[in-house]
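> Here it is: the structure, laid out below.
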Amino acid sequence: MALVTTTKMFEKAFDGKYAIGAFNINNMEIVQAITRAAAAKNSAVMLQVSMSALKFAGPKYLKGMVDAAVYETGVDIALHLDHGPDLDAVKLCIDSGFSSVMFDGSHYDFEENVKKTKEAADYAHSKGVVIEAELGRLAGIEDDVNVDAANATYTDPDQAAEFVQRTGVDSLAIAIGTSHGAYKFKGEAKLDFDRLAKITENLEKCGLKKFPIVLHGASAVDTEVVDLCNKYGAQIKGAKGMPAQMLRKAASMAVCKINMDTDLRLGMTAAIRKALAEKPEAFDPRGYLGDARTYLQAIVEGKIDDVLGSAGSMK
Ligand code: G3H
Ligand code: 13P
Ligand code: ZN
């Protein structure tokens, strides 16, 4: 068994109307929790590494841990660079053995994004690695976001197909209402499903059939988990996330990859705070890290069932 790219995963996800979960990793317990959940649900999964995770753990440790998870679980796992800022980062991860990368040029203007993304895509493809890019900007959503504001930041359906054609990327992250972190909205969560449908329609018109779309910033920020953190000393106020049913609907459309990190951070924090508070005499890290690993596994299993619909995708 070896790492896989996302090509087959996304083909099956598109046809099966589900999405592959992409969860951020930083350490061994998180890798084990996610991949054990994937194995328990017989689901393919993506493990993704941000630049800060790369700095925290280093590419060799991360690759080594993920190789061990591939060996231990037997499920399809892609190791992915999350929000790669430049070609150097893309090259470092590809040369370290990652099977998938993201080049995030969403903060550049359209032409600059196309140019830099194509350069990264050409390098990735020359090494047999798949690449995700981003068009549009994810941002916190105000109470009453008006059409003009949405048009300014959300992905332009007319640009999406041109962007994919000119860059040759394998998947596209779009902005339709999700946002990163634990404080996503002031009002209610909204996803622009019409925009998602229009993007897919335009891609199809250009011959890009079944093209995989990616949603970032998809954590649910469960009240139950936030309350558990706060019960044991945290001060997390006003946090809000994406409802599972909305993401499930997006997954039944063209969304084949859904990114979640904040929910794992909150889960790990809640479990460790609880364990330390309930057993003040204990000081073996395997105790509280073990509790956190068990709790995270349950969270990821819940995501596979309620958000992604990817259980059984290894069949
Ligand atoms: O999209 C960003 C991820 O949540 C990673 O965050 O850079 O703090 O590791 P990080
Ligand atoms: P959340 O902050 O909603 O967990 O999103 C994570 C993400 O998009 C990583 O790329
Ligand atoms: Zn992201």
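> Could you compute the FRET efficiency for Glu281 and Lys249, with r as their C-beta to C-beta distance and R0 at 45 Å, rounded to 0.05?
Result of the calculation: an efficiency of 0.40.
> Could I ask something else about it? Just from the alpha-carbon atoms, what are the Rg and Dmax of the stretch 66-138 in angstroms?
In Å, with Rg to one decimal and Dmax whole: 13.3, 44.
> Any lysines with Cα under 21 Å of the Lys231 Cα? List them, leaving off those in the same chain fewer than 8 positions away.
Filter leaves Lys240, Lys274, Lys279.
> Moving to a separate point now. Based on the Cβ-Cβ distance from Asn42 to Leu87, what FRET efficiency comes out when R0 is 45 Å, to the nearest 0.05?
Using R0 = 45 Å, I get an efficiency of 0.75.
> Could you work out how much longer the chain between Tyr108 and Glu11 gets when fully extended? Use 0.36 nm per residue separation minus the Cα distance between them, nm to one decimal.
Gain in length upon complete extension: 32.0 nm.
> Further question: Can you tally the net charge around Leu264? Count Lys and Arg as +1, Asp and Glu as -1, for every other residue whose Cβ sits under 14 Å from the Cβ of Leu264.
-2
> Among Thr178, Thr262, which comes first, then next, by fewest other beta-carbon atoms within 10 Å?
Ranking Thr178, Thr262 by Cβ neighbours within 10 Å, fewest first, gives Thr262, Thr178.
> Next up: Using 7 Å Cα-to-Cβ label points, what is the Lys198/Glu119 separation (nm, one decimal)?
3.2
> Modelling each spin label as a point 7 Å along the Cα-to-Cβ direction, I'd like the Thr153/Phe56 distance in nm, to one decimal.
The two pseudo-label positions are separated by 2.5 nm.
> When you take every Cα atom in the chain, what is the radius of gyration, and what is Dmax, the widest Cα pair distance, in Å?
Calculated on Cα positions, Rg and Dmax stand at 18.9, 64 Å.
> Can you list which of the chymotrypsin sites (Phe, Trp or Tyr not before Pro) found in the stretch 249-311 are DSSP loop residues with at most 15 other C-beta atoms within 10 Å?
Filter output for the stretch 249-311: Phe283.
> With a ≥ b ≥ c taken as the square roots of the eigenvalues of the C-alpha gyration tensor of the stretch 11-90, please select rounded if a/c is under 1.5 and otherwise prolate if a/b is larger than b/c or oblate if it is not?
Note, shape of the stretch 11-90 comes out oblate.
> With only Lys, Arg, Asp and Glu charged, each at its Cβ (+1 for the first two, -1 for the last two), find how big the charge dipole of the chain is about the Cα centre; round to the nearest 20 debye.
680
> With only Lys, Arg, Asp and Glu charged, each at its Cβ (+1 for the first two, -1 for the last two), find how big the charge dipole of the stretch 77-144 is about the Cα centre; round to the nearest 20 debye.
In total the dipole reaches around 500 debye.
> Of the peptides 297-308, 205-216, how do they stack up when ordered by the mean number of other Cβ atoms within 10 Å, highest first?
297-308, 205-216
No lab work stands behind these numbers, since they all come straight from the coordinates. All values derive from a computational prediction rather than experimental measurement. All Cβ positions, even for glycine, are placed from backbone atoms using ideal geometry, and neighbour counts span all protein chains on display.
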